[in-house]
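Worksheet for the structure shown next.
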Amino acid sequence: MKKILWVDDEIELLKPHLILLNQRGYEVATATNGEDAIEMAQTEHYDLIFLDEMMVGISGLETLAVLKDINASVPVVMVTKNEQESLMEDAIGRKIDDYLTKPVNPTQILAACKKFLETQRITEQRITQDFHQEYSVLSRRLLEKMDWSEWLDVYIKLVQRSVELDRHHDVGLEQSLHDQWRECNAEFSKFVENEYHSWLGPRDKRSEGMPLLSPHIADTHLIPKLASGKPTFFVIVDCMRLDQWLTMEEVILPMFNIQKDYYCSILPTATPYARNAIFAGLFPTEINKHYPQFTIDERGRDEHTLNKNEKELFQLLLNRRRVILKNDLQYVKIIDTEYGKRIEADILRYAQSHITAIVINAVDMIAHSRSDYPILKEIAPDESAYRTLTKSWFQHSSFLGILRALSTVPQVQIVITTDHGSVRCLRGAKVIGDRETTTNLRYKVGRNVKADSRDALIIKDPESYMIPAPGLATTCVIAKEDRYFVYPTDYHHYLTKYRDSFQHGGISLEEMILPVITLTPR
């Protein structure tokens, strides 16, 4: 039974309420003054305290302060005849948990008890009921053919349910949710395998209902905003998933009005392809054709080298769209904490520019570091903890400092997106390729690369998928669902090494369906 302490110097007048609470299964103790209440709280644990504001002896507010010192976690509801706003503010300032004005009725009392004593149970019952209903509905939907907008709706619901369950681990639905994620990703991979090629035509010839792709983001969400002349920031957070953004959004909600749209990353869902496509407004093969000096070719080059020309590609896009800037394009890439803090300190100067592009690598670094450092895998052993780790980084990051400073600039426009997401890889898949084959665990591009079609999308003509082919007989294989590629040599060693790591480059809901967020200061 939950224990309640009711402190009131007219406790005899409250007997009907006390009887009602006993009938509802609560154990109620009473005190007629603050001194007795303090003594009782020191010797007995109570789950909820109702506290009269005006009593003989020490006042309710004085009693409140001592009760909170004894156990700050016990909720205290102030009950008073005084309706002065100053008293309410004083009580709130002293960490009162709720406030009721006399005469109180049974409904108010029961509502307070349910709020503080039964919220967890009621919420978990609702979550469990809703989950099973949605599980059944979604399972039926997977039996039908769905288009892009329906898959977007499925993904958003899965993410929202995952984030909600982060706060209610005790309901025991994690395995069921994991199974449904896997089932949905299996069907989504089939959908992408069947439909993706048809999405790659010229933008003016695309059918209604097709998703926006990486090369379309600037034209759709950024360039139209530049016509206003207002200071505009274009922020790309490398490897950020929707669920990670939602944890960040909770922090900045008081500062900004937030609009969310969505797009689909191109394949492979990897930085050298996807981020260059965003800045250039072109598919990778088009970049290679029109700007051979910025050719995308992974052979013998690391990922950072392949993305060193983003500013130039972005400027070329603005030139093609005949965008006239009031001053020079600003471009910043934050790859370490010290440099990020310098940009944070100087961000209001950047706010004087017409357009500033900022690339933030921290989330991608978290994903890769989790594979390299066992302590990070211990801190973030699953998806829920991975979201928590991301939020903890954000709360102490220069990125939040930048947004906080920009929230004070009345005319500023901020567009935030990502180049791709990541997926937690749990199943290895054998792949065969030569030494020139790319090294990414979720996709391989090279001569005569081989993989099982159950594990990967096999593309014999990468150019037709707008993927650069460095030579003849080039094949591209892209991992589906939560698989990662392992060569037959030392297969079991690398199978174990990379299992349960967050990777990108393949086909999954988490990697491909991405948010585009527009922020304006409140």
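The values are calculated or read from the model by the stated rules, or taken from the named source; none is laboratory data. For clarity, every value in this text was computed on a predicted model and none was experimentally measured. Methodologically, a virtual Cβ is constructed for each residue, glycine included, from the backbone with ideal geometry; neighbour enumeration extends over all protein chains shown.
Counting the residues of the range 155-167 that are in contact (Cβ under 8 Å) with a residue 40 or more places away in the chain and either among the acidic types (Asp, Glu) or more than 27 Å from Cys264 (Cα to Cα) (or both) gives 1. Residues in the range 65-76 that are out of contact with any Leu (no Cβ under 6 Å at 6 or more places or on another chain) and either closer than 14 Å to Tyr46 by Cα or free of Cβ contacts under 8 Å to residues at least 24 places away in the same chain (or both): Leu67, Lys68, Asp69, Ile70, Asn71, Ala72, Ser73, Val74.
Tally time: how many residues in the range 457-475 are under 14 Å from Leu200 (Cβ atoms) and out of contact with any Ser or Thr (no Cβ under 8 Å at 6 or more places or on another chain)? Within the range 457-475, residues that are under 14 Å from Leu200 (Cβ atoms) and out of contact with any Ser or Thr (no Cβ under 8 Å at 6 or more places or on another chain) number 3. The residue that is farthest from the chain's Cα centre (by Cα), among those in the range 136-152 that are acidic (Asp, Glu) and part of a loop (DSSP other than H, G, I, E, B), is Glu144. Of the candidates Ala274, Ala280, the single residue that is within 20 Å of Tyr465 (Cα to Cα) and touching a Ser or Thr at 6+ places or on another chain (Cβ under 9 Å) is Ala274. Would you check if there is a residue in the range 191-200 being modelled with pLDDT of 90 or more, surrounded by 15 or more Cβ atoms within 10 Å (Cβ to Cβ), within 18 Å of Lys480 (Cα to Cα) and of a type in the set (A, V, I, L, M)? Yes: the range 191-200 contains one or more residues that are modelled with pLDDT of 90 or more, surrounded by 15 or more Cβ atoms within 10 Å (Cβ to Cβ), within 18 Å of Lys480 (Cα to Cα) and of a type in the set (A, V, I, L, M).
Residue count for the range 317-354 satisfying the condition of being out of contact with any Asp or Glu (no Cβ under 8 Å at 6 or more places or on another chain), touching a residue at least 40 places away in the same chain (Cβ under 8 Å) and more than 20 Å from Phe294 (Cβ to Cβ): 14. Among the residues making up the range 186-207, a single one is in contact (Cβ under 8 Å) with a residue 24 or more places away in the chain, hydroxyl-bearing (Ser, Thr, Tyr) and more than 17 Å from Arg141 (Cβ to Cβ): Tyr196. Does the range 307-315 contain at least one residue that is within 20 Å of Thr271 (Cα to Cα), out of contact with any His (no Cβ under 8 Å at 6 or more places or on another chain), aliphatic (A, V, I, L, M) and not in a strand (DSSP E or B)? Yes, the range 307-315 contains at least one residue that is within 20 Å of Thr271 (Cα to Cα), out of contact with any His (no Cβ under 8 Å at 6 or more places or on another chain), aliphatic (A, V, I, L, M) and not in a strand (DSSP E or B). As a summary of the residue check, Asp170 satisfies the conditions (1) without any contact (Cβ under 8 Å) to a residue 60 or more places away in the chain; (2) within 19 Å of Asp243 (Cβ to Cβ) except for the one numbered (2). The sole residue among Lys341, Lys311, Lys289 that is more than 30 Å from Arg499 (Cα to Cα) and touching a Leu at 6+ places or on another chain (Cβ under 8 Å) is Lys311.
Within the range 208-241, the residues that satisfy the criterion of being under 20 Å from Tyr350 (Cα atoms), part of a loop (DSSP other than H, G, I, E, B) and touching a residue at least 40 places away in the same chain (Cβ under 8 Å) are Ser228, Gly229, Lys230, Pro231. Pick from the range 14-63 the residues that are among the β-branched types (Val, Ile, Thr) and farther than 23 Å from Asn105 by Cα: which of them is surrounded by the fewest Cβ atoms within 10 Å (Cβ to Cβ)? This residue is Thr43. Within the range 36-63, the only residue that satisfies the criterion of being within 44 Å of the chain's Cα centre (by Cα), of a type in the set (A, V, I, L, M) and modelled with pLDDT under 90 is Leu61. Here Asn185 meets the list (1) part of a helix (DSSP H, G or I); (2) more than 23 Å from the chain's Cα centre (by Cα); (3) not aromatic (Phe, Trp, Tyr) almost entirely, failing just condition (2). Restricting attention to the range 367-388, does a residue exist that is assigned by TED's automatic domain parsing to the domain that holds Asn327, over 22 Å from Pro515 (Cβ atoms), in a loop (DSSP other than H, G, I, E, B) and modelled with pLDDT of 95 or more? Checked the range 367-388: no residue is assigned by TED's automatic domain parsing to the domain that holds Asn327, over 22 Å from Pro515 (Cβ atoms), in a loop (DSSP other than H, G, I, E, B) and modelled with pLDDT of 95 or more. So is Ser265 under 29 Å from Ser189 (Cβ atoms), in contact with a Ser or Thr (Cβ under 9 Å, 6 or more places away or on another chain) and touching a residue at least 60 places away in the same chain (Cβ under 8 Å) or not? So Ser265 fits the description; yes.
Filtering the range 311-339 to residues that are crowded, with 17+ Cβ neighbours inside 10 Å and more than 20 Å from Pro231 (Cβ to Cβ) leaves Leu313, Leu316.
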